[in-house]
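Enquirer: One structure is given below, represented as structure tokens, and several questions about it will come after.
Here, each number is a calculation from the coordinates, and none is a lab measurement. Just so it is clear, the model here is predicted, and its values are computed rather than measured. Here the Cβ is made from the backbone with ideal geometry for all residues, glycine too, and neighbour counts use every protein chain on show.
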Amino acid sequence: MDQKKVVRLVLALIGIFGILYFAYQSWWYFREHSYDKEISSVATQYSVSPYLVKAVVWRESKFNRFCLGPTQDVGLMQITQGAVTEWATAQKLPAPGKTEWFNASTNLEIGSWYLARALQRWKDCDDPVPFALAEYNAGRSNVVKWRAKCKSPNSAREFAGNIGIASTRRYVQDVMVIQKKLERRGHL
């Protein structure tokens, strides 16, 4: 192969890579921002940071409303049968059928309600977010158990160190890092 052909091939490959990169970035931007209006709405409704709700969606499903988790979690916020039942009881509504859980608005409504309830439960802690996220991921009984091991039970820092499930500890850290990133960016 002569030098001109090699240069053309390299330039063609760079061009193809550039087009693919641009296409991927455009696709991701669209996917990431597809639910911003719904997230803002439910966050306002439940007095939760929209950045926190979006961070949970990012971590739970990467904005895939058809996401199915390994433990029957469903949709954008990976809601469960337990969360749906508790939400329906609290709202005095019939529980939506499982196919309705894939609806972005329904899923965000239930997941945000569940998150807001957890934040309210831990409001007396110096930072309720790690407690609420751990509850969202591993259940209230685990949070109560881990919190009981703390010398200062309202200390988020001490609590984070006592989270007894490594995947939940990573989950809490991941969501909080994503939330901070979104806040620094200044928009959903």
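Enquirer: Taking the beta-carbon count within 10 Å as an exposure proxy, list Y29, Y35 from fewest neighbours to most.
Expert: Lowest count first: Y29, Y35.
Enquirer: With springs connecting C-alpha atoms under 10 Å apart, model the chain as a Gaussian network and identify which of S141, S49, S105 has the largest mean-square fluctuation.
Expert: Looking only at S141, S49, S105, the biggest GNM fluctuation is shown by S141.
Enquirer: At 0.36 nm per residue, minus the direct Cα-Cα distance, what do D2 and K180 gain on full extension? Give it in nm, one decimal, please.
Expert: Between D2 and K180, full extension yields 58.9 nm more.
Enquirer: DSSP H helices in the chain with Cα extent of 18 Å or more along the helix axis and mean Kyte-Doolittle hydropathy at least -0.5?
Expert: Values: long enough: 3-33 (45 Å, 0.50); 104-121 (25 Å, -0.17); 166-185 (29 Å, -0.90).
Helices passing the filter in the chain: 3-33, 104-121.
Enquirer: Starting from the Cα of K180, draw a straight line to each of the lysines and keep only those under 18 Å, dropping any in the same chain fewer than 8 residues away.
Expert: Once the sequence-local lysines are set aside, what remains near K180 is K54, K62.
Enquirer: Let me ask something else. Can you return the aspartates and glutamates within cross-link range of K151? Criterion is Cα-Cα under 13 Å, with same-chain partners fewer than 8 residues away left out.
Expert: The qualifying aspartates and glutamates are none; the list is empty.
Enquirer: Then there's this: Count the net charge of all other residues whose Cβ sits under 14 Å from the Cβ of T44, scoring Lys and Arg as +1 and Asp and Glu as -1.
Expert: -1
Enquirer: Choose one of W146, S41, L108: the residue whose Cα lies farthest towards the positive end of the charge dipole of the stretch 34-185 (beta-carbon charges +1 Lys, Arg; -1 Asp, Glu; about the Cα centre).
Expert: W146
Enquirer: Which residues' amide hydrogens lie under 5 Å from the amide hydrogen of I79, considering only partners 5 or more residues apart or on another chain, with H built in the peptide plane?
Expert: V74
Enquirer: May I pose another question? Starting at the first residue of the stretch 158-165, write each ³J(HN,Hα) from the Karplus equation 6.51 cos²θ - 1.76 cosθ + 1.60 with θ = phi - 60°, in whole Hz, x for Gly and Pro.
Expert: 5, 4, 4, x, 9, 4, x, 10
Enquirer: Any idea what % of Cα-Cα pairs in the chain are farther than 21 Å?
Expert: 56
Enquirer: Now for a separate question. What dipole magnitude, in Debye to the nearest 20, does the chain give about its Cα centre under +1 on Lys/Arg Cβ and -1 on Asp/Glu Cβ?
Expert: Computed about the Cα centre, the dipole is about 460 debye.
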